[in-house]
Amino acid sequence: MENVIIIGTGAAGLTAAIYCARANLTPLVIDGMEPGGQLTTTTEVENFPGFEHGIMGPELMATMRKQAERFGTRFQFGSVASCSLDGEVKTLTLDSGESLETKTVIICTGASAKYLGLPSEQALIGFGVTACATCDGAFYRDVPVAVVGGGDTAMEEATFLTRFASKVYLIHRRKEFRASPVMVDRMMANEKIEVIYDTVVEEVIGVEDKSVKGLKLKNLLTEEQSELPVDGFFLAIGHQPNTSPFVGQLDMDETGYLLTDSTKTNISGVYAAGDVQDSVYRQAITAAGTGCMAALEAERFLESQEHQG
Ligand code: NDP
């Protein structure tokens, strides 16, 4: 029986692992579908404290992983397919069919940005296609970029990007915005932003050059096709928390984010950290912070169980 199983190896999971390992809990970490998490799909990270000149996302995650290993963290390849979290012994079943038993669980399965699903878009992720303006906006100084989406994230990201880009095109598939009026007004008041309504992106141009050169667009009302030269393409069509194995057991909001009190879920001994329980901040540093909090909570819980036993 494990003391603690951490699910996920993004910034939250690896930070939880470092803290649990240093507390001699010999944590077992399940890698998850995307080892290293969202930071492995970005290039340079300039806002993670401690790296004056920035660090590449994959390098940051590889370093965190080695740091966790140094203190005795064990890693197991695979994903959690289902689980039974009620009771003192929690059982996790991996996609391989293997079952694992543990006293505590820290869920750090993150959220995945939604993409359009175009082959050209997928080929250029990290090479001009990104789903995080906060992470990557500063790389697009004095060049035109495009944002797709019509919710609050799209409004916020388009407005944020005007700090760097020479021009920001906001592409939305209809005329009405889902975003709150105040966010729409702020976006509309920005002279650097041009809205392209009733339009979808059909292809990202630049696969051969391994960098975004533009977008192929289609107006849904007129069927007219056009090309838009841009250097960056920002997806802002929402995020999907990776919570499907926990449906029916853990409390979630209507979009699937785990509901937590600090990092505690509704089941004792089960904690959640990082983007899987945070639709607001979604930063590596906030994920790491909550990973630390969850580890300390798990440690305290195990200690209290020992005293009871
Ligand atoms: P939303 O789900 O609110 O909006 C997604 C947008 O993307 C919609 O406009 C939708 O279009 C569009 N979209 C979805 N799929 C596609 C597709 N395949 N092709 C083209 N367009 C697509 O997500 P957000 O990330 O914007 O917001 C999530 C939550 O976070 C919301 O509750 C929001 O209020 C909140 N938030 C709050 C902020 C704040 O208050 N500062 C900042 C950011 C987010 P359509 O409208 O046609 O469906």
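The values are calculated or read from the model by the stated rules, or taken from the named source; none is laboratory data. Keep in mind that what you see is a predicted model, and the values were worked out from it rather than measured. In this analysis, Cβ positions are derived from the backbone assuming ideal geometry, glycine residues included, and neighbour counts consider all displayed protein chains. For the accessible areas, the whole protein counts, side chains as well, though only heavy atoms, and no ligand, DNA or RNA atoms are used. Shrake-Rupley method; radii C 1.70, N 1.55, O 1.52, S 1.80 Å.
Quick check on my filter: what residues within region 110-140 are in a helix (DSSP H, G or I), modelled with pLDDT of 95 or more and either open to solvent by less than 20 Å² (accessible area, probe 1.4 Å) or on the phi > 0 side of the Ramachandran plot (or both)?
Residues satisfying the conditions are Ser120, Glu121.
Select from region 193-206 the residues that are under 20 Å from Thr130 (Cα atoms) and open to solvent by 40 Å² or more (accessible area, probe 1.4 Å) and write down the one among them that is nearest to the ligand (Cβ to nearest atom).
Taking the candidates together, the pick is Val200.
So which of Gly256, Gly291, Gly274, Gly269 is open to solvent by less than 30 Å² (accessible area, probe 1.4 Å) and free of Cβ contacts under 8 Å to residues at least 40 places away in the same chain?
Being open to solvent by less than 30 Å² (accessible area, probe 1.4 Å) and free of Cβ contacts under 8 Å to residues at least 40 places away in the same chain holds for just one of Gly256, Gly291, Gly274, Gly269, which is Gly256.
Search region 152-176 for residues that are under 13 Å from Val230 (Cα atoms) and surrounded by 19 or more Cβ atoms within 10 Å (Cβ to Cβ) and pair each with any residue that is among the charged types (D, E, K, R) and modelled with pLDDT of 95 or more when their beta-carbon atoms are under 6 Å apart and the residues are at least 6 apart or on different chains.
What qualifies is Val168/Lys192; Tyr169/Glu194.
Suppose the filter is surrounded by fewer than 18 Cβ atoms within 10 Å (Cβ to Cβ), of a type in the set (Gly, Ala, Ser) and either more than 20 Å from the chain's Cα centre (by Cα) or within 10 Å of the ligand (Cβ to nearest atom) (or both); does Ala189 pass it?
Here the answer is yes, as Ala189 does meet what is asked.
Considering only residues that are near the ligand (Cβ under 6 Å from one of its atoms), within 20 Å of Lys216 (Cβ to Cβ) and part of a loop (DSSP other than H, G, I, E, B), which ones fall in region 141-159? So that I can check it myself, show each step before the final result.
Within region 141-159, the first condition is being near the ligand (Cβ under 6 Å from one of its atoms), and the residues that meet it are 148-154, 156.
Going one step further and asking which of them are within 20 Å of Lys216 (Cβ to Cβ), we end up with 148-150, 154.
The answer is Gly149, Gly150.
From Asp209, Asp251, grab the single residue that is assigned by TED's automatic domain parsing to the domain that holds Arg282, away from the ligand (no atom under 14 Å from the Cβ) and not hydrophobic (A, V, I, L, M, F, W, C).
Result of the check over Asp209, Asp251: Asp251.
Just to be sure I understand, how many residues within region 279-295 are more than 16 Å from the ligand (Cβ to nearest atom) and within 13 Å of Thr134 (Cα to Cα)?
Qualifying residue count for the region: 2.
One residue is enough: does region 97-117 have a residue meeting the conditions within 16 Å of the ligand (Cβ to nearest atom) and farther than 17 Å from His239 by Cα?
No, the conditions are met nowhere in region 97-117.
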